[in-house]
1. Determine how many Å³ per residue the convex hull of the Cα atoms of the range 248-363 encloses.
2. For the residues 106, 155, what sequence is obtained by ranking on other C-beta atoms within 10 Å, fewest first?
3. Quick check: residue separation of residue 336 and residue 139 times 0.36 nm, minus the Cα distance between them. What number comes out in nm?
4. If eta is 0.890 mPa s and T is 25 °C, what Stokes-Einstein diffusion coefficient results for the range 29-388, Kirkwood Rh from Cα pairs, in µm²/s?
5. Rounded, prolate or oblate: which fits the range 304-394, taking a ≥ b ≥ c as square roots of the Cα gyration tensor eigenvalues, rounded meaning a/c under 1.5, else prolate when a/b beats b/c?
6. Could you give the radius of gyration (one decimal) and Dmax (whole number) of the Cα atoms in the range 191-268, in Å?
7. Tell me, in nm to one decimal, what length is gained between residue 23 and residue 461 on full extension, where the rule is 0.36 nm per residue of separation less the Cα-Cα distance?
8. Fewest Cβ neighbours within 10 Å first, please rank 254, 164, 33, 208 accordingly.
């Protein structure tokens, strides 16, 4: 019998080793380093072209086809207390976002309390209506342990992860109190309203929540959590993974099955990880407490960052692999959870080091795009994407550079016959992808005539390609070259610009531009103010915008001008 068991184990190990051998090497590539403190990455349902990045101090930024847009999708900085464990902590799009335009955020207000708020997209798909509505607010007795994750489950309800209120060792006494919304996983119906007379409560309670019509708060789905920092639904199985930060000894990951009826007690403050704490009372030894599926002592870290289950298509060998991290050790690890057991546990930290000179130092969160590909947020301001080690490199630069340009360039040697831009050179951070004209779309806003089309793609060298257009860029237009599948989004704008956003390019724009140079106020559009592309915004740019507004059709006046 023992020999049969040994043979079986050897056979199992052989299958496991073969599967591991077939798994491709992995790495990470930079998506953006332009967000101050990224805490989360998500996507709108069915939107394959955009990522939404939550910035801790109150903005939601869009990465569109690999490019960070200048204008925030949402800016609630004036509402948010930012710092430590407070800030804009979470975001979730309504499952019917395409029809109702609703999304939800979790933030800390100026009283230090948690607010769940509903917002809508505006007529511009890249900008939200700035007016929101409070769905639910929860008093926080301390500044830490705010939770912050929110997402819609497979059942269409909004789940909200709440910490125990902060302090240490459950100072607020909430963790084993299922009548308190703290230390809990909440589940609410944002499409109903059980409190029509209360403007601060705009939701309904699902009738099958475990404590409806019994002891406990109606909103509570599970409790006994200390500080659940990042949870995730497996998009295939519906299982819920919960990363719960420990106190002084142990970090843990809990997994809730898709058919769980709710009401689970995950044990804090009775237990930390698998062991009872010194704060356990008689109740703790008789209660039905759910142990984690995985955890580790503080010799391996000090604050877990819960992650995501990979369900993308770019790396099929990773299907079902759960990624998580620890913000103190900067480690990144994975396992698979199969039939109630953790398998294939491994450290991926070295493997997932970015292939450029960057480092991933403080993983604040993981996230996924509409295709199920995974991303990593680093508190240092960067967002990385998980890719196979042999994946093509991301776009790094273009010529002309992204932003406002003079469409009359490049000039002939004598400066008298501007030829215009009829091609764009793309510079990648490594071997360029194989590109063809049909991989691109060209969008034009403003100007004369229809947008040009891509007629040829020519390899310049290993890292660069030249994209040839059917005609030069149109003056007075924004022209955007897009190949989302290859991370190309280059937006080129010809000046004169509508700097003040009034819909007209006129001398008033000069005045607003001068105001910007003098620090009076920001421009009301996302046009670059470095008009001459010198790298410095100064009075020379004023001369050029005057030249452009006067329709000069030869060598720009600023090259001949004398500055005082």
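1. Hull volume over Cα atoms, normalised by residue count, gives 123 Å³.
2. 155, 106
3. Once the chain is fully extended between residue 336 and residue 139, it gains 67.3 nm.
4. So the translational diffusion coefficient is about 121 µm²/s.
5. The shape class here is oblate.
6. Answer for the range 191-268, Rg first and Dmax second: 14.8, 45 Å.
7. Result: 154.6 nm gained on full extension.
8. Lowest to highest Cβ neighbour count: 208, 33, 254, 164.
FYI, it's all coordinate maths here, none of it is from the lab. Bear in mind the structure is a predicted one, so any value in this text is a computation, not a measurement. Glycine gets a Cβ as well: all are built from the backbone with ideal geometry, and neighbour counts include every protein chain shown.
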